[in-house]
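Visitor: The structure is given below, and queries will be raised subsequently.
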Amino acid sequence: MSANFTLFLTALGLFSVSLTGAYNIASHVADGVPAYLNITIAPFVQIGDGYYLIEQKVLKTCFQAQLECRKLGADLVSFETRKEMEAVHAHPSITGERLQFWTSGTDLAKQGEHVWFTNSKPLSKDVWFPGEPNNSGGNERCVTLWYKFADSPGLNDLPCERLHRYICEAPTPKTASFVIW
C-alpha cells in the first residue's frame, strides 16, 4: 500500500482523498440528519427543513432570549417566508391563544425599517398582523410572533424589555458520508 496520500479540497467544502494505487474515497455532504441514523437533535425539533427550540415556559426579554439561543449555538428565529412561519405555528408544542414569542426581528438600527437581526434581511410585509408594525407608545423596537388567534399567526412589534417566550432557530446540521472503493 502506497504511503503517498493526496488531499484535494474543493471550493464547495467537499473533499476527496486518493490513496495512490490503493483506494479511492469519495465524500458527500448533505443538509439535515437522516432519520435512519437515529441521532437526537434535542432540544430542537425539526419542522420542515428547519430546526427550532420553542420555549414555552421560560419568559425572557428579547435580549435575554437571544443570549439563551446563543448558548445553544442558535439564534432567535428569522422567518424567511410566511410558509415557514405558519409551519412553526402549526407545530403541536404551540398551544393556546394570545401567546407571543420573541423572534430576531427588530428596527433598532433604523426606526421603521424592520430586519431580521441574524441576517439583516428585511421582514416580508405578509408576515405582520394587520396594523403592525405600529410602534405603539414610540418604543416598540423588537418583534414577536403573535398568536392573537389560534389559527392565524402574525408579527407584532413590542418593547424589547417585555417578558415573553421565544423561538430559537439552529443552523441546519450537515451529514457527511464517505464511500471507499
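Just so it is clear, none of the values below were taken in a lab; they were calculated from the coordinates. No experiment lies behind these values; they were computed from the predicted model shown. FYI the Cβ positions are ideal-geometry reconstructions off the backbone, even for glycines, and counts take in every protein chain you see.
Visitor: Quick one: how many lysine pairs in region 35-170 have C-alpha atoms under 21 angstrom apart, if they're 8 or more apart or on different chains?
Guide: Count of close lysine pairs: 10.
Visitor: To continue, here is another question. Using θ = phi - 60° and the Karplus curve 6.51 cos²θ - 1.76 cosθ + 1.60, what whole-Hz ³J(HN,Hα) does each residue of region 37-52 get, with Gly and Pro shown as x?
Guide: Here the 3J(HN,Hα) series is 7, 6, 9, 6, 10, 4, x, 8, 10, 8, 10, x, 8, x, 10, 10 Hz.
Visitor: Here's a follow-up. Ranked by Cβ crowding within 10 angstrom, fewest neighbours first, how are T144, T118 ordered? Mind showing how you got there, number by number?
Guide: On the way: T144 24, T118 18.
Arranged by neighbour count, lowest to highest, T144, T118 become T118, T144.
Visitor: Taking the number of other C-beta atoms within 10 Å as the exposure measure, put H91, H114 in order starting with the fewest. Mind showing how you got there, number by number?
Guide: Working: H91 15, H114 25.
With the sparsest Cβ surroundings first, the list reads H91, H114.
Visitor: Just the number, please: percent antiparallel of the DSSP beta bridges in region 70-181, rounded to the nearest 5.
Guide: On the way: 16 of 19 bridges.
So the antiparallel bridges amount to about 85 percent of the total.
Visitor: Return an integer: the convex hull volume of the alpha-carbon atoms of region 55-102, in Å³ per residue.
Guide: Numbers: hull volume 4.5 nm³, N = 48.
Hull volume over Cα atoms, normalised by residue count, gives 94 Å³.
Visitor: A follow-up question, please. At q = 0.14, 0.16, 0.19, 0.20 Å⁻¹, work out log10 I(q)/I(0) for region 57-181 with the Debye formula, treating every Cα as an identical point scatterer and leaving solvent out; two decimals please.
Guide: -0.57, -0.73, -1.03, -1.15
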